[in-house]
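Reviewing the structure listed below.
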Amino acid sequence: MADAPAFRYARYPAGGGDEWMLLHGHPDSVRVLMLAPILNETNQTRALIVDIARRLAQAGIGSAIPDLPGTGESERSLATVSWPDWRHAVGAAAETVFGATGPPMVAALRGGALLDDACAAHASWRFAEAPGTSLLRPLERAQRLSDKLAAGNLQPNGPVPLAGFSLNDPFVDALRAAAPATIARPLRTVAFEGTGVPLWRQAEPGTDPALAQQLADDLAAWISSCGR
């Protein structure tokens, strides 16, 4: 294969507009759709996700990391986004890169595992999967949501501020009910076992090269074992 940039950006259609995704590796090598943690955990783990993608590319495995509507470089306000919008976006990103058959592999980290069943794929890989309730809890605690609601500072049915994120009520309700789906395709689930830093719990964004290498190696081995 001819040399190609280490990473590049592409657009995919979602919700009547276009969203961005980051691709690593040669175009002919892209085999993984990577779904990052959601909400505040996206910021805390962004460098880790990119580090994993970079290491996979060095091993000859390309990846695509989509920005969901209302996140990253999206031009949409998160307050206008629904949970079905995110699920549709995952399917649209997968089809844009891989076609109707979906990617050979979907790799989801933390809350990304709440969305990995939204697209066709041949196999899945999850790291430290988390239900929606556990993702909402620290946001609600940080925002002191119950105190603000009791004081009448929020408009009924309006966007709910949660630690800097404006979320509409249906989105919050859907996230609270969300859990990683049971899927029929081959699935590997990797737990966080205390080796490395749980970046999603840190006060500031960061990365962990050892954890990134561990996860890249595990994902590459799973891809190989699935014949992909």
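Each reported figure results from applying straightforward, stated rules to the coordinates on display, with no laboratory input. Note that this is a predicted model, so its numbers are computed, not measured. Glycine also receives a Cβ, built like all others from the backbone with ideal geometry; neighbour counts cover every protein chain displayed.
Some values worked out for this structure:
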{"quantity": "Answer label, with semi-axes √(5λ) of the Cα gyration tensor in Å calculated from the coordinates and candidates (1) 30, 19, 16; (2) 69, 40, 9; (3) 34, 20, 18", "calculated": "(1)"}
{"quantity": "Share, in percent, of DSSP beta bridges within the chain that are antiparallel, nearest 5", "calculated": "50"}
{"quantity": "Cα→Cβ-extended label distance, 7 Å offset, between D169 and Y9, nm", "calculated": "3.6"}
{"quantity": "Mean Cβ neighbour count within 10 Å, used as a protection proxy, ranking 43-51, 167-175, 198-206 highest first", "calculated": "43-51, 167-175, 198-206"}
{"quantity": "Charge dipole magnitude, Cβ of K and R +1, D and E -1 - the chain, Cα centre, debye nearest 20", "calculated": "260"}
{"quantity": "Computed E for D18/A47 - FRET, C-beta separation, R0 25 angstrom, nearest 0.05", "calculated": "0.50"}
{"quantity": "Degrees separating the helix 209-225 axis from the principal Cα axis of the chain, which is the longest one", "calculated": "60"}
{"quantity": "Label-point separation in nm, I183 to A79, each point 7 Å along Cα→Cβ", "calculated": "3.4"}
{"quantity": "Cα-based helix-to-principal-axis angle, 40-58 vs the chain, degrees rounded to 10", "calculated": "0"}
{"quantity": "The chain, helix-only ellipticity at 222 nm - DSSP H runs n ≥ 4, -39,500 (n - 2.57), divided by all residues, nearest 500", "calculated": "-11000 deg cm²/dmol"}
{"quantity": "Under-5 Å amide H pairs with L167, H placed in peptide plane, nonlocal only", "calculated": "V160, L162"}
